[in-house]
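*Asks:* Sharing a structure below in structure tokens format, with a few things to ask.
The values are calculated or read from the model by the stated rules, or taken from the named source; none is laboratory data. Being a predicted model, the structure only gives us computed values, none of them experimental. Ideal geometry is used to build each Cβ from the backbone, glycine not excepted, and the neighbour counts take in all protein chains shown.
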Amino acid sequence: MSLRFLARPMGIFSPVAAVLLALSPIGCRQDQISSDSAQRAPVAPVAVVRRAHLENVFEVAGEFIPYQQVELHAKVAGYIRHINVDIGDKVKAGQVIATLDIPELLAQVQGADATVRQSQEQISRAQSDVLRAQANYEAYHSAAGRLEQVSKARPGLIAQQEIDDALAKDRAASAQVDAAKAALSATRQNLGVSQADRQHYSSLAEYSRIVAPFNGTVTWRYADTGTLIQAGTSNAGSAPVVKVAEVDTLRLRLPVPESLAPYIRVGNPASVYVDAIAKTFQGTVTRSSGALDPATRTMQVEIDVRNKTGELAPGMYAQITLHVAHSGESLTAPLQSVDQTATQPFVLLVDPANKVQKRNVRIGISTAKLVEILSGVKEGDRIIAANLSTYQPGQLVSPKQTSTGTQESE
């Protein structure tokens with residue numbers, strides 16, 4: 001009986017050998033290392049970059065003020081003879097509101113008229129003097145010419161003394177003509193001065209009638225009949241006669257903070273709610289100052305509101321909702337997920353291997369919760385949503401999605 005021995009190649013393992021190897025200390029150590037690494041990775045709250053419609057809404061309280069408002073003063077001092085309006089009266093542009101009694105100004109106007117008439121009479125007299133001087137000059141000039149002609153035709157017939165006297169009278173008459181013309185010119189200039197004085201006093205007399213500069217409502221009356229009114233141009237403490245306001249259109253003036261000022265545009269829609277009458281009006285931004293107040297770091301913006309029915313009154317408060325800026329379906333991220341403290345804004349992206357990557361981004365408009373991402377990431381990317389300073393690029397993290405990334409529209 002012969003015995004056979006079977007030989008197995010050394011490089012081939014049986015299933016039992018594979019199981020024994022897996023249970024060996026080397027295999028257990030590798031699995032333990034992977035498990036420990038996963039347990040040591042810090043948990044990172046992440047948000048998903050999504051598309052959403054962003055709209056920046058600014059709410060602020062404002063006060064209605066008249067579209068135009070002016071206190072009417074008298075330009076000249078006088079007593080009120082008549083006052084034709086009272087509080088609440090409607091006035092038209094050019095309507096006489098009050099009339100002043102200024103007797104001394106009337107006397108000045110009459111004196112200026114008399115001076116003009118006197119100057120006109122002096123001009124007539126000066127014109128006559130010019131005509132007379134010209135007639136004398138022509139007579140003396142003709143006589144001197146004839147004597148010169150006779151002397152040349154028959155030398156010695158006329159004495160030289162007589163010829164010299166005639167030439168002297170000719171020259172004197174010519175000088176008188178020039179003097180008369182100069183006097184006429186001076187008189188005409190005096191007439192111009194007199195007429196300017198008359199215009200001055202006549203214009204001041206017109207200010208005895210206080211008229212409305214625009215259509216509006218008398219909101220206050222400061223004087224009554226017989227009140228002495230001081231000239232507003234010469235007395236800083238002079239009292240006005242009435243206050244007139246245009247209230248068919250009212251202004252809403254509101255301060256816009258520096259962060260929203262770049263997005264303010266004429267025509268931005270606004271919703272105006274007036275609690276006193278429980279009504280909402282729709283309007284648009286009509287104008288803005290275009291500059292920030294250095295003290296408050298705000299920009300003044302105005303909204304015009306039509307008030308044809310008169311139900312709104314200056315001084316009422318309103319709650320304004322201003323739609324400052326909006327975007328289409330833009331990529332958005334939570335506001336706190338973008339670090340904007342550096343020169344270049346950036347986010348911390350978590351890649352498929354759960355490692356942190358730093359991505360520079362370009363941002364657009366911001367709301368209270370979200371910010372528009374113009375470039376740097378794509379839709380569906382995971383970014384760390386908070387506490388960015390605790391994570392470093394290349395770090396392994398354990399991402400956990402949070403509700404921080406919820407869009408405003410949801």
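*Asks:* Does residue 253 count as in contact (Cβ under 8 Å) with a residue 24 or more places away in the chain, among the basic types (Lys, Arg) and farther than 30 Å from residue 77 by Cα? Explain how you work it out, then say what you get.
*Replies:* Details: in contact (Cβ under 8 Å) with a residue 24 or more places away in the chain: yes; among the basic types (Lys, Arg): yes; farther than 30 Å from residue 77 by Cα: yes.
Spelling it out, residue 253 is indeed in contact (Cβ under 8 Å) with a residue 24 or more places away in the chain, among the basic types (Lys, Arg) and farther than 30 Å from residue 77 by Cα.
*Asks:* Okay, next question. Among the residues of the range 130-150 satisfying the criterion of being touching a helix residue (DSSP H, G or I) at 6+ places or on another chain (Cβ under 6 Å) and not aromatic (Phe, Trp, Tyr), which is nearest to residue 176 (Cα to Cα)? Before the answer, list the steps.
*Replies:* Taking the range 130-150 and keeping what is touching a helix residue (DSSP H, G or I) at 6+ places or on another chain (Cβ under 6 Å), we get 130, 133-134, 136-137, 140-141, 143-144, 147.
Then drop every residue that is not not aromatic (Phe, Trp, Tyr), which leaves 130, 133-134, 136, 141, 143-144, 147.
Numbers: 130: 8, 133: 6, 134: 8, 136: 9, 141: 13, 143: 17, 144: 17, 147: 22 Å.
The residue in question is 133.
*Asks:* May I pose another question? Return the residues of the range 239-294 that are polar (S, T, N, Q), assigned to a loop (DSSP other than H, G, I, E, B) and buried (at least 16 other Cβ atoms within 10 Å of the Cβ); say none if nothing qualifies.
*Replies:* The one that is polar (S, T, N, Q), assigned to a loop (DSSP other than H, G, I, E, B) and buried (at least 16 other Cβ atoms within 10 Å of the Cβ): 268.
*Asks:* Kindly indicate the residue of the range 180-227 that is part of a strand (DSSP E or B) and under 25 Å from residue 107 (Cβ atoms) and also farthest from the chain's Cα centre (by Cα) among those meeting that condition.
*Replies:* Taking the range 180-227 first, the residues part of a strand (DSSP E or B) are 209-211, 216-221.
Cutting the leftovers down to under 25 Å from residue 107 (Cβ atoms) gives us 209-211.
On the way: 209: 34, 210: 31, 211: 29 Å.
Here the answer is 209.
*Asks:* Could you list all residues from the range 200-215 that are touching a helix residue (DSSP H, G or I) at 6+ places or on another chain (Cβ under 8 Å) and surrounded by fewer than 16 Cβ atoms within 10 Å (Cβ to Cβ)? Outline the logic, then answer.
*Replies:* Filtering the range 200-215 for residues touching a helix residue (DSSP H, G or I) at 6+ places or on another chain (Cβ under 8 Å) gives 200-202, 204-205, 208.
Within the range 200-215, 200, 202 qualify.
*Asks:* Taking the conditions exactly as written (outside any helix (DSSP H, G or I) and either free of Cβ contacts under 8 Å to residues at least 60 places away in the same chain or crowded, with 17+ Cβ neighbours inside 10 Å (or both)), does residue 112 satisfy them or not? So that I can check it myself, show each step before the final result.
*Replies:* On the way: outside any helix (DSSP H, G or I): no; either free of Cβ contacts under 8 Å to residues at least 60 places away in the same chain or crowded, with 17+ Cβ neighbours inside 10 Å (or both): yes.
No, not satisfied.
*Asks:* Condition test on residue 125, is it out of contact with any Leu (no Cβ under 7 Å at 6 or more places or on another chain) and at pLDDT below 90?
*Replies:* Details: out of contact with any Leu (no Cβ under 7 Å at 6 or more places or on another chain): yes; at pLDDT below 90: no.
No.
*Asks:* I want to confirm something. Restricting to the range 181-233 and keeping residues that are acidic (Asp, Glu) and over 30 Å from residue 130 (Cβ atoms), which single residue is modelled with the highest pLDDT?
*Replies:* The qualifying residue modelled with the highest pLDDT is 224.
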